[in-house]
Amino acid sequence: MNTSELNKLTPCRIIIFGAGSVGCYVGARLLSAGANVTFVGRPRMRETLQQHPLLATDYQGFKFETRLQPNQYQTDAACAANADLVLVTVKSAATETAGLQLAEFIRPGTAVISLQNGISNSARLEKAIPDAQILAGMIAFNVLHQHPGHFHHGTEGHLMATRHPSLNSALPWFTKAGLPLQLRDDMVSVMWSKLLLNLNNPVNALSGVPLLEQLSQRNYRRCLAMAQDETLALLKAARIPIVKLTGLPMPLIPTIMRLPDWIFARLAKTMLAIDPVARSSMWEDLEAGRATEIDWINGEVIKLAHALGRDAPVNQHLTRLIHDCEQQRRNWTADELLSELS
Ligand SMILES: NC(=O)C1=CN([C@@H]2O[C@H](COP(=O)(O)OP(=O)(O)OC[C@H]3O[C@@H](n4cnc5c(N)ncnc54)[C@H](OP(=O)(O)O)[C@@H]3O)[C@@H](O)[C@H]2O)C=CC1
Ligand SMILES: CC(C)(CO)C(=O)C(=O)O
């Protein structure tokens with residue numbers, strides 16, 4: 001897109017529904033491009049953003065800081081009545097409630113992208129808001145709420161959504177924001193491929209250490225590889241193709257995970273950009289004492305296994321460990337976790 005095209009952007013009112021880590025980061029990037037963005041979220045996040053500037057940074061040196069006007073952060077869905085595009089960024093357990101709140105106000109045909117992990121969120125939104133144009137989306141990178149009001153994008157990866165004409169006016173804003181929205185016709189494959197990466201979320205959350213430190217330990221990677229192997233076999237049986245989302249070739253990921261640390265470190269250097277502070281969103285949930293998304297991540301693998309008349313023992317085991325941790329926090333060393341799952 002050249003400068004004169006960027007100067008002629010069609011106005012587009014964008015609502016971020018569920019403005020936490022992902023929502024505040026994506027919204028801040030869009031604001032940096034001059035887009036019309038309203039955040040909807042909890043009173044405590046509004047207070048944080050009244051006391052602190054909204055700051056978005058990324059691992060490649062991007063930095064944007066702004067002070068939100070009081071009306072730019074709302075705590076109910078009424079502003080969705082004027083939206084041209086809604087980005088839903090609540091955790092999976094909150095999807096139905098978010099959908100029902102939006103359904104009260106949203107105009108028929110409004111584009112709504114589920115920018116969430118898991119497989120079923122867009123279908124669940126469709127049930128709650130049948131009049132809207134619900135589109136599956138994907139955020140393939142990590143965002144950490146690092147300090148009050150400061151949201152940091154710590155790993156490589158893109159934003160993606162189902163190709164649809166209702167996104168035409170919004171697309172250039174994402175491009176201008178430096179966060180292009182990749183349009184795809186294969187979002188089922190994209191979502192399952194992202195889920196293969198998210199199988200690291202419980203391993204990371206159980207480890208209690210940042211992603212880079214966790215992934216640098218072979219026995220944690222072996223735990224992840226076990227969950228991924230089980231999932232890849234089920235996806236093959238269900239004839240769901242997977243697609244490449246990072247520098248790593250997806251079908252080889254479990255093999256790469258099992259490599260000795262020194263070879264993995266060399267390969268990862270060129271294929272996997274992660275900064276030292278990044279952590280999984282599941283770790284953030286455990287840390288905050290919230291229910292995690294385990295039932296919408298590993299739980300989807302268990303559902304797929306059952307639909308095929310099979311079992312998914314590794315994913316089932318990880319799910320149980322995370323539910324135990326939701327009740328009582330505990331950190332697992334790499335050796336402990338590997339022997340527990342083996
Ligand atoms: N963080 C990350 O690095 C990544 C996250 N994702 C996915 O993106 C999605 C969002 O994750 P993340 O941003 O980390 O989640 P957060 O919990 O940080 O943000 C969601 C926010 O929405 C709020 N919320 C929930 N329901 C409502 C509601 N009805 N009205 C207003 N606010 C509401 C939550 O408040 P409360 O907690 O009080 O309910 C919370 O503040 C998840 O599916 C996650 O898996 C994907 C890639 C990376
Ligand atoms: C980007 C990634 C995989 C980081 O773990 C994520 O999706 C998450 O934290 O939920």
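To keep it simple, each residue is scored yes or no on (1) within 16 Å of ligand 1 (Cβ to nearest atom); (2) β-branched (Val, Ile, Thr); (3) in contact with a Leu (Cβ under 7 Å, 6 or more places away or on another chain).
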position	(1), (2), (3)
Ala161	yes, no, yes
Asn168	no, no, no
Trp173	no, no, yes
Met191	yes, no, no
Asn200	yes, no, yes
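Whether any residue in segment 244-261 is open to solvent by 30 Å² or more (accessible area, probe 1.4 Å), more than 17 Å from Thr155 (Cα to Cα) and out of contact with any helix residue (DSSP H, G or I) (no Cβ under 8 Å at 6 or more places or on another chain) is what I want to check.
Scanning segment 244-261, I find at least one residue that is open to solvent by 30 Å² or more (accessible area, probe 1.4 Å), more than 17 Å from Thr155 (Cα to Cα) and out of contact with any helix residue (DSSP H, G or I) (no Cβ under 8 Å at 6 or more places or on another chain), so the answer is yes.
Listed here are the residues, each with its yes/no results for (1) outside the structural domain of Ala288 (by TED's automatic domain parsing); (2) in contact (Cβ under 8 Å) with a residue 40 or more places away in the chain; (3) buried (at least 24 other Cβ atoms within 10 Å of the Cβ).
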position: Gly20; (1), (2), (3): yes, yes, no
position: Thr75; (1), (2), (3): yes, no, no
position: Ala83; (1), (2), (3): yes, yes, yes
position: Leu87; (1), (2), (3): yes, yes, yes
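Looking at this structure, is Leu197 more than 15 Å from ligand 2 (Cβ to nearest atom) and more than 30 Å from Asn36 (Cα to Cα)?
no
Sort through Leu224, Leu232 and tell me the only one that's closer than 22 Å to His317 by Cα, open to solvent by less than 40 Å² (accessible area, probe 1.4 Å) and within 16 Å of ligand 2 (Cβ to nearest atom).
Leu224
Looking at the structure I just gave you, is His153 at pLDDT below 95 and of a type outside the set (Ser, Thr, Tyr)?
It is true that His153 is at pLDDT below 95 and of a type outside the set (Ser, Thr, Tyr).
Give segment 210-221 a look and list any residue that's open to solvent by 10 Å² or more (accessible area, probe 1.4 Å) and within 16 Å of ligand 1 (Cβ to nearest atom), or say none.
If the condition is that a residue be open to solvent by 10 Å² or more (accessible area, probe 1.4 Å) and within 16 Å of ligand 1 (Cβ to nearest atom), then Pro210, Leu211, Leu212, Leu215 are the ones that fit.
Can you give me the number of residues within segment 287-300 that are buried (at least 23 other Cβ atoms within 10 Å of the Cβ) and within 12 Å of ligand 2 (Cβ to nearest atom)?
4
Looking at (1) open to solvent by 40 Å² or more (accessible area, probe 1.4 Å); (2) part of a loop (DSSP other than H, G, I, E, B); (3) closer than 24 Å to Thr155 by Cβ, which is the one condition that is false for Phe64?
Phe64 satisfies every listed condition except (2).
Please indicate, with yes or no, whether at least one residue in segment 168-191 is surrounded by fewer than 18 Cβ atoms within 10 Å (Cβ to Cβ), under 20 Å from Ile294 (Cβ atoms) and of a type in the set (D, E, K, R).
Checking segment 168-191: not a single residue is surrounded by fewer than 18 Cβ atoms within 10 Å (Cβ to Cβ), under 20 Å from Ile294 (Cβ atoms) and of a type in the set (D, E, K, R).
In segment 117-230, which helices (runs of 4 or more DSSP H) lie fully inside it and hold 1 or more residues that are of a type in the set (S, T, N, Q) and within 29 Å of Gly61 (Cα to Cα)?
Helices (runs of 4 or more DSSP H) meeting the threshold: 171-176, 187-198, 200-207, 211-215.
Could you say which residue among Ala132, Ala103, Ala123 is open to solvent by 10 Å² or more (accessible area, probe 1.4 Å), at pLDDT 95 or above and closer than 19 Å to Ile294 by Cα?
Ala123 is the lone residue from the list that is open to solvent by 10 Å² or more (accessible area, probe 1.4 Å), at pLDDT 95 or above and closer than 19 Å to Ile294 by Cα.
The values are calculated or read from the model by the stated rules, or taken from the named source; none is laboratory data. Note that the structure is predicted; figures quoted are calculated from it, not measured. Glycine also receives a Cβ, built like all others from the backbone with ideal geometry; neighbour counts cover every protein chain displayed. Protein only, heavy atoms only, side chains kept; ligands, DNA and RNA dropped before computing areas. Shrake-Rupley method; radii C 1.70, N 1.55, O 1.52, S 1.80 Å.
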